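What follows is a short report on a single structure.
Bear in mind these aren't lab numbers, they're just calculated from the coordinates by the rules spelled out. Computed from a prediction, not measured in an experiment: that's the story for all the values here. Positions of Cβ are generated from backbone atoms using ideal geometry, with glycine treated the same way; all protein chains shown enter the neighbour counts.
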């Protein structure tokens, strides 16, 4: 089902009136936090904070648990926001709902943001948290095989890169990963090889220019743009990767590169499911209300993947 003409006009207006993220990212961070800080209060879930130290810096994590005291599997979650905005505060509602909808403990990671902390700081923060949770089963009383990594947009990029890094370093390896409209490539200009960049890169809120700006802020050293930990689709060896669910959105410019990443994993012999959500925009997973049919359908897909 295509968008109504009025909706398309509104989307186009919003897309073309977006401020320069390089100049306004600090204000944007504050607005994102205020806009998304709507949390379902206990007793519907339990919440506590924790810190994991890396090189003298305390990485904050927030843990959301279903209300029962039974053992639960874990979703290790990396938030979106272009590596520049977003935090555990702005994703409180998303993670609370995720814990309820999946009956999993959700661990939300407050990795450090660019441009103050450029690549690979965010990835190394996420890896440090993952390493502790995978190797220390006393914190959440969960075995490594019961932990799934998950991320949306830039968080999907971090999850994919983390799985490659974990394989390369040999310290642990996630058994499952869920990548929600992940950024996997390094080119979102008019020379991009992906049709979705050309089709969806100007009129659907997240624009090609914004993604390019985010990437330049995250990784100002262009020599690193061919590093597969920055752009996972550039990896040459896709073997020994987790069982993977990739969810893309029909009207998202990152759609084709996310699906291409899934196909690369499949070709290397990994177990991969690729699901495109019809009539969905980039960011729908963190912005739509819990009862929206797209959110309900997405959790149906996620739960089937987790239960298989």
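Numerical summary
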| quantity | calculated |
| --- | --- |
| Three-way shape label, the range 87-176, alpha-carbon gyration tensor, a/c 1.5 | oblate |
| In nm, spacing of pseudo-spin labels at residue 189 and residue 300 (7 Å Cα→C-beta vector) | 4.2 nm |
| Protection-proxy order for peptides 252-262, 119-129, 191-201, each taking the mean of Cβ atoms within 10 Å per residue, highest first | 252-262, 119-129, 191-201 |
| Length added when fully stretched, residue 57-residue 112, from 0.36 nm per residue minus Cα-Cα | 18.8 nm |
| Cβ-derived FRET efficiency at R0 45 Å, residue 169 paired with residue 24, nearest 0.05 | 0.75 |
| Mean separation of Cα contacts under 8 Å (6+ apart) over length of the range 167-308, as relative contact order % | 27 percent |
| Cα-based Rg / Dmax (Å) for the range 158-213 | 14.7, 43 |
| Alpha-carbon Debye profile of the chain, log10 I(q)/I(0) at 0.09 Å⁻¹ | -0.40 |
| Span from the the range 233-308 Cα centroid across to the the range 141-178 one, whole angstrom | 15 Å |
| Listed peptides 279-285, 244-250 by packing density, highest first (mean Cβ within 10 Å) | 244-250, 279-285 |
| Protection-proxy order for peptides 288-295, 85-92, 214-221, each taking the mean of Cβ atoms within 10 Å per residue, highest first | 85-92, 214-221, 288-295 |
| Fully extended contour minus Cα-Cα distance, from residue 273 to residue 48, at 0.36 nm per residue | 77.7 nm |
| Per-q log10 I(q)/I(0), the range 159-250, q = 0.16, 0.18, 0.21 Å⁻¹ (Debye; single scatterer per alpha-carbon; no solvent) | -0.74, -0.90, -1.13 |
| Contact order normalised by residue count of the range 25-141, Cα under 8 Å, 6+ apart, percent | 29 percent |
